[in-house]
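The block underneath contains the structure these notes are about, expressed in structure tokens.
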Amino acid sequence: MRVLVSGGGTGGHIFPALSIANEVRRRHPDAEILFVGAEGRMEMERVPDAGYRIVGLPVAGFDRRRLWRNFKVLAKLYRSMRMARKVLREFNPDIAVGVGGYASGPMLKVAQKAGIPTLLQEQNSYAGVTNKMLARKALAICTAYDGMEKFFPADVIIKTGNPIRADILSCPLSIAEAKKKLGFDPARPLVLVVGGSLGARTVNEAVAAAIPALEQQGIQLLWQTGKYYAEQCAAQAEGHADVHAMAFISDMATAYRAADLVVSRAGAGTISELQLLGAAAVLIPSPNVAENHQYHNAKAVADAGGAVLLQDKDAVAEFAGIVVPLVQNPQKLKQMSEAISKMALPHAAEKIVDRLEDIIQNANR
């Protein structure tokens, strides 16, 4: 079996791609798997670290505000298409999987023109431009939300959920044990704030402003600041014994288990993790993403009662006023936990690879 996986740019694309590849490898240890990403993007490090080969295309996104800059983008696209054709000839895959992101556009377009079966994985409730462009010729489109017929042909949509990092679900500790392991008082509530590996400026500003109010109510805080803001946030946390600020949390399974409430951006991968864990959340969608898809992700969860949606522009002013009453209302947190759990779609990678295998088998008949 020869499987080509293309896409990336963010963890929200890379983690599902790796989960799909890992499931293929689990079932078919002798499978050949090749990733195609975008030069200079995070997949060029994360994928080799996970043990897979990757080819980088010199592709970049269109600048929608400064159109004159797109001459270089078009030149890179032309070169990427040529490289994609070469990759296809040399690797000769049985199937091409697209997970969204810059590289999956030219790579899967070339694959479709060559008659290679394609499968798409769309993480968000509002479909990305690349997957919408590729949808017409895809044999399967694996989604995580209802109502995706407004973007894709209904007959190829499969609601599988989003694959997540396997270790997230593996924590054997109780909530009290997890708090103690992380250095917190097991008897008092804990808020976990996750702004992403690089950090989220508005989220960090909101947390810093809320520290006195949280402290006054005895609420503890585990704060992933992101590497860009680590130094500044560490200084803001200094002198506050109940605030642990760190650039990156390596043991997210324990962090999630310890939290009474999670505050996070609204990336599709994070939301899928919260759903599978039954974690009540305040979601602060990033306004700096394509098609404002994080807002649509967060709204879907908030409408179901599993989270509170806090707009980025209101975060600094309203953070404490939303978080403190929630933490002090265990019954409300329980209701939110139950509501978000009902949205969970487990075993996503397995379902996606089931369909991938069906496509390959049908193509070989």
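Here are the numbers for this structure:
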{"read-out": "Subset of the stretch 1-14 [under 21 Å from Leu134 (Cβ atoms), open to solvent by less than 70 Å² (accessible area, probe 1.4 Å) and outside any loop (DSSP other than H, G, I, E, B)]", "value": "Val3, Leu4, Val5, Ser6, Gly12, His13, Ile14"}
{"read-out": "Failed criterion for Ser286 (all others in (1) part of a helix (DSSP H, G or I); (2) among the hydroxyl-bearing types (Ser, Thr, Tyr); (3) open to solvent by 10 Å² or more (accessible area, probe 1.4 Å) hold)", "value": "(1)"}
{"read-out": "Filter result for Pro186 (in a helix (DSSP H, G or I), modelled with pLDDT of 95 or more and open to solvent by 50 Å² or more (accessible area, probe 1.4 Å))", "value": "no"}
{"read-out": "Lone qualifier among Val301, Val308, Val323 - being open to solvent by less than 70 Å² (accessible area, probe 1.4 Å), within 25 Å of Trp223 (Cβ to Cβ) and outside any helix (DSSP H, G or I)", "value": "Val308"}
{"read-out": "Positions within the stretch 214-256 being part of a loop (DSSP other than H, G, I, E, B), of a type in the set (Ser, Thr, Tyr) and surrounded by 15 or more Cβ atoms within 10 Å (Cβ to Cβ), in sequence order", "value": "Thr225"}
{"read-out": "Index of the failed condition, Met336 passing every other in (1) under 24 Å from Glu122 (Cα atoms); (2) free of Cβ contacts under 8 Å to residues at least 60 places away in the same chain", "value": "(1)"}
{"read-out": "Test for Phe91: is it at pLDDT 95 or above, more than 26 Å from Gln294 (Cα to Cα) and among the aromatic types (Phe, Trp, Tyr)", "value": "yes"}
{"read-out": "From the options Ala31, Ala50, residue that is surrounded by 13 or more Cβ atoms within 10 Å (Cβ to Cβ), modelled with pLDDT of 95 or more and out of contact with any Pro (no Cβ under 7 Å at 6 or more places or on another chain)", "value": "Ala31"}
{"read-out": "Selection from the stretch 122-137 of residues that are open to solvent by less than 10 Å² (accessible area, probe 1.4 Å) and hydrophobic (A, V, I, L, M, F, W, C)", "value": "Ala127, Leu134, Ala135"}
{"read-out": "Of all residues making up the stretch 180-217, the number that are under 30 Å from His13 (Cα atoms) and basic (Lys, Arg)", "value": "1"}
{"read-out": "Residue ID - surrounded by the fewest Cβ atoms within 10 Å (Cβ to Cβ), chosen from residues in the stretch 170-183 that are outside any helix (DSSP H, G or I) and not polar (S, T, N, Q)", "value": "Pro172"}
{"read-out": "Counted residues, the stretch 15-28 - those being within 14 Å of Leu120 (Cα to Cα) and assigned to a loop (DSSP other than H, G, I, E, B)", "value": "0"}
{"read-out": "Qualifying residue in the stretch 111-121 (condition: of a type in the set (Gly, Ala, Ser), buried (at least 24 other Cβ atoms within 10 Å of the Cβ) and farther than 20 Å from Lys299 by Cα)", "value": "yes"}
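The values are calculated or read from the model by the stated rules, or taken from the named source; none is laboratory data. Keep in mind that what you see is a predicted model, and the values were worked out from it rather than measured. So basically every Cβ, Gly included, is an ideal-geometry build from the backbone, and we count neighbours across all protein chains shown. Just the protein is used for accessible areas: all its heavy atoms, side chains included, with ligands, DNA and RNA removed. Shrake-Rupley method; radii C 1.70, N 1.55, O 1.52, S 1.80 Å.
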